[in-house]
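The values are calculated or read from the model by the stated rules, or taken from the named source; none is laboratory data. Worth saying up front: this structure is predicted, and the values here are computed from it rather than measured. Ideal geometry is used to build each Cβ from the backbone, glycine not excepted, and the neighbour counts take in all protein chains shown. Just the protein is used for accessible areas: all its heavy atoms, side chains included, with ligands, DNA and RNA removed. Shrake-Rupley method; radii C 1.70, N 1.55, O 1.52, S 1.80 Å.
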Amino acid sequence: MNKPIDSKQIKDSTTEVVYDEVAATPTLNDAAEPGGMGCSAPSTEPSADGCHAGKDEMLKAAKLAGQSDILDQYAKDYPAGPHDQPQSMCPAFGSLRVGLRMRRTATVLSGSACCVYGLTFTSHFYGAKRSVGYVPFNSETLVTGKLFEDIRDAVHQMADPEKYDAIVVTNLCVPSASGVPLRLLPKEINGVRIVGIDVPGFGIPTHAEAKDVLAGAMLKYAREEAEQGPVAAPRADNSGGRPTITFTGEMFPVDPITLGQLLEPLGLAAGPVVPTREWRELYQALNCAAVAAIHPFYAASYREFEAAGRPITGSAPVGYEGTAAWLEAIGTICNVSEADISAAKQKALPGIKAALGGISIDGTITVSGYE
Ligand code: SF4
């Protein structure tokens with residue numbers, strides 16, 4: 001028969017064996033502990049804990065590192081709203097995905113290894129099928145400026161015009177909070193454009209807005225190129241010589257075709273969708289008659305379209321009244337005649353009415369989501 005278990009024995013066997021008193025040393029995180037040191041002054045070196053370090057601490061560090069202008073612009077462009085920042089995946093995934101979906105575009109991340117692991121894992125889960133560059137750092141290279149030199153060396157090594165139109169370098173939370181100055185990277189190496197962006201989780205609410213950060217940076221670059229002289233023509237131009245409407249916000253592949261059918265009676269054609277799939281589409285997007293702001297939060301992109309003198313109208317052709325209002329708005333900003341606007345409505349609206357009449361929903365619809 002087994003001997004009864006002695007409860008004292010269990011307690012002793014689970015007690016940690018210690019050899020010195022190191023574990024009792026007070027740390028910076030012990031503010032709440034009696035006798036702890038706490039944080040006496042904000043550090044300019046952000047914690048490598050990234051999003052676990054606390055948004056306020058990261059913001060404080062970033063402002064001390066001279067990033068106020070960028071953060072103020074983000075706060076203006078992407079107001080958090082009454083619910084503050086929703087719990088979602090790392091915001092940088094949005095801009096990473098935009099870059100990974102573009103032809104002849106390389107992406108390089110600068111951030112904590114755990115962030116890069118999560119971001120590359122997610123991007124490959126979504127079928128990226130290409131490498132994501134990574135420039136690692138430690139606290140020494142971060143503080144001494146060596147990280148910036150490493151990033152600069154990396155883009156010089158990668159800038160092969162045979163392979164790339166552009167290289168996108170993204171500062172994640174810790175390098176953004178430290179003020180790693182991507183704006184000082186060369187603008188172009190061997191004809192390959194270098195686009196540096198800061199996409200900190202403590203400044204960008206969700207990955208939806210991060211898409212605009214990269215799309216806006218690329219549009220700005222392309223607009224300035226177009227202002228200097230001739231630029232590459234689009235690979236495919238299905239406009240048939242008609243003025244085009246550029247759409248903002250990712251959509252399903254069939255959506256631009258449907259939108260093009262709605263626009264046809266107005267004498268207009270569907271242009272590119274921003275974020276674009278290729279660099280030269282950026283010029284085509286800027287060269288539109290007007291912009292349909294399908295997704296509302298592309299603030300940086302709208303700034304570039306405004307700078308290029310392009311009118312913008314919001315919303316999307318959804319439902320009977322929504323489609324009527326959208327056609328009216330697009331027709332009006334493109335100076336289309338009343339007769340053609342009416343013809344466009346006549347073509348689209350009866351079918352919508354019939355379809356909705358056949359499947360009317362009597363109830364309350366709760367709309368949820370952030371994009
Ligand atoms: S980069 Fe993303 S995962 Fe990393 S700390 Fe920032 S928000 Fe978190």
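Within segment 181-230, being in a loop (DSSP other than H, G, I, E, B), among the hydrophobic types (A, V, I, L, M, F, W, C) and modelled with pLDDT of 95 or more holds for Leu185, Val199. Kindly indicate whether any position in segment 241-250 is buried (at least 21 other Cβ atoms within 10 Å of the Cβ), assigned to a strand (DSSP E or B) and in contact with a His (Cβ under 7 Å, 6 or more places away or on another chain). Scanning segment 241-250 turns up at least one residue that is buried (at least 21 other Cβ atoms within 10 Å of the Cβ), assigned to a strand (DSSP E or B) and in contact with a His (Cβ under 7 Å, 6 or more places away or on another chain). Quick test of your reading of the structure: Ala177 fulfils all but one of (1) open to solvent by less than 20 Å² (accessible area, probe 1.4 Å); (2) of a type outside the set (Val, Ile, Thr); (3) at pLDDT below 95; (4) away from the ligand (no atom under 15 Å from the Cβ). Name the failing condition by number. In the conditions (1) open to solvent by less than 20 Å² (accessible area, probe 1.4 Å); (2) of a type outside the set (Val, Ile, Thr); (3) at pLDDT below 95; (4) away from the ligand (no atom under 15 Å from the Cβ), Ala177 misses (4) alone.
In the set Ser95, Ser112, only one residue is closer than 25 Å to Pro296 by Cβ and within 14 Å of the ligand (Cβ to nearest atom); that residue is Ser95. Looking at segment 146-168, is at least one residue among the hydroxyl-bearing types (Ser, Thr, Tyr), out of contact with any Lys or Arg (no Cβ under 6 Å at 6 or more places or on another chain) and over 18 Å from Leu182 (Cα atoms)? No, there is no match, as no residue in segment 146-168 is among the hydroxyl-bearing types (Ser, Thr, Tyr), out of contact with any Lys or Arg (no Cβ under 6 Å at 6 or more places or on another chain) and over 18 Å from Leu182 (Cα atoms).
Yes/no matrix, rows are residues, columns are (1) touching a helix residue (DSSP H, G or I) at 6+ places or on another chain (Cβ under 8 Å); (2) modelled with pLDDT of 95 or more; (3) open to solvent by less than 40 Å² (accessible area, probe 1.4 Å):
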site: Gly99; (1), (2), (3): yes, yes, yes
site: Ser123; (1), (2), (3): yes, no, yes
site: Thr141; (1), (2), (3): yes, no, yes
site: Ala154; (1), (2), (3): no, yes, yes
site: Ala159; (1), (2), (3): no, yes, yes
site: Lys163; (1), (2), (3): no, yes, no
site: Ala166; (1), (2), (3): yes, yes, yes
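The set of residues in segment 284-309 that are part of a helix (DSSP H, G or I), more than 13 Å from Lys211 (Cβ to Cβ) and open to solvent by 20 Å² or more (accessible area, probe 1.4 Å) comprises Gln284, Tyr302, Arg303, Glu306, Ala307.
Residue count for segment 60-92, restricted to those that are within 13 Å of the ligand (Cβ to nearest atom), under 17 Å from the mean Cα position of the chain (by Cα) and within 19 Å of Gly179 (Cα to Cα): 2. Scanning segment 123-173 for residues that are away from the ligand (no atom under 16 Å from the Cβ), in contact with a Ser or Thr (Cβ under 7 Å, 6 or more places away or on another chain) and touching a residue at least 40 places away in the same chain (Cβ under 8 Å) yields Tyr164, Asp165, Ala166.
Among the residues of segment 190-201, is there at least one that is of a type in the set (A, V, I, L, M, F, W, C), away from the ligand (no atom under 16 Å from the Cβ) and within 30 Å of Met58 (Cβ to Cβ)? Scanning segment 190-201, I find at least one residue that is of a type in the set (A, V, I, L, M, F, W, C), away from the ligand (no atom under 16 Å from the Cβ) and within 30 Å of Met58 (Cβ to Cβ), so the answer is yes.
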